[in-house]
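Taking it in order: structure first as structure tokens, then the write-up.
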Amino acid sequence: MNPATRELFLVGAGALAGLVGTAGGITSLVSYPALLFAGVAPLQANVANIIALVACWPGSAAASRPELAGWGGWLRRWGVVAAVGGTVGSVLLLVTPAGVFGRVVPFLVAIGSLALLLQPRIAAWQAARPAPGRGSALILPCGLFVLSVYNGYFGAGSGVLLLALLLVTTEPALAAANALKNMVVGAAAITSAVLFAVFAHVDWTAVAPLAAGTFTGSLVGPGVARRLPPGLLRWLVALTGLALAIRLLVA
């Protein structure tokens, strides 16, 4: 495709990706294949995708102010963990062969999607349990760090996995958990983007239009999440995640 058509295509794909991702779905399900279709090589598409998705952060933050009210301390604490994890993942991408995580990614995404579907039952089970032990207290920091490492390395499906983690450990309300997920994903993406901008080859002609689109979409996504029935949103996100898992498995 010619440059003008390519830019318009990436803006549109970015807008759809930003809307889907910040509403609770999987941003990279749209944005990463769009970059490949636009002729960006796989590794450069991965780098461009992670950098462009930084644009989702300010848009989703502005659109999620009702859900984020009162969570400032939590975000400062766990945003640091996510940022460190994203940095580690990006360093791994720069120093290891691409595709190291490729074999386990489909299964991680599938597990996260199934966890979303089972979340109401998991929450009921947790409520019926005695006070959580020390092992339970480690689930959030360990899970957040590991998923942020993955987010900095590749990231496809990390949003579903993080959403499932936060629903189980932090916030049972789907719209609020989704808003928190968008913030910690953004924290990991920012540190990754800085590293890639300094040390990796970046196709900025692909990043710029995709980022413009994702920012636009991210302004709409949280509102969609707020208005959709939680059960419907949970099923839409989970089925999208399972579709991505199957696509990654057969790719």
Could you tell me which numbered condition ALA197 fails, if it satisfies all but one of (1) under 17 Å from the mean Cα position of the chain (by Cα); (2) at pLDDT 90 or above? (1)
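Residues are listed down the side, and each one gets a yes or a no for (1) surrounded by fewer than 18 Cβ atoms within 10 Å (Cβ to Cβ); (2) modelled with pLDDT under 85; (3) not acidic (Asp, Glu):
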{"position": "PRO42", "(1), (2), (3)": "yes, yes, yes"}
{"position": "ASN46", "(1), (2), (3)": "no, yes, yes"}
{"position": "ALA52", "(1), (2), (3)": "no, no, yes"}
{"position": "ALA55", "(1), (2), (3)": "no, no, yes"}
{"position": "GLY59", "(1), (2), (3)": "no, yes, yes"}
{"position": "GLU67", "(1), (2), (3)": "no, no, no"}
{"position": "GLY73", "(1), (2), (3)": "yes, no, yes"}
{"position": "GLY85", "(1), (2), (3)": "no, no, yes"}
{"position": "ALA98", "(1), (2), (3)": "yes, yes, yes"}
Which numbered condition THR240 fails, given (1) buried (at least 24 other Cβ atoms within 10 Å of the Cβ); (2) touching a Gly at 6+ places or on another chain (Cβ under 7 Å): (1)
Among the residues in the stretch 151-171, are any touching a residue at least 40 places away in the same chain (Cβ under 8 Å), over 22 Å from GLU67 (Cβ atoms) and surrounded by fewer than 22 Cβ atoms within 10 Å (Cβ to Cβ)? no
The one condition SER28 fails out of (1) modelled with pLDDT under 85; (2) farther than 16 Å from GLY213 by Cα; (3) assigned to a helix (DSSP H, G or I) is (2)
Of the residues in the stretch 201-240, how many are of a type in the set (Gly, Ala, Ser) and more than 20 Å from GLY14 (Cβ to Cβ)? 2
Tally up the residues in the stretch 1-13 that are modelled with pLDDT of 90 or more and not polar (S, T, N, Q), please. 7
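The values are calculated or read from the model by the stated rules, or taken from the named source; none is laboratory data. All values derive from a computational prediction rather than experimental measurement. Here the Cβ is made from the backbone with ideal geometry for all residues, glycine too, and neighbour counts use every protein chain on show.
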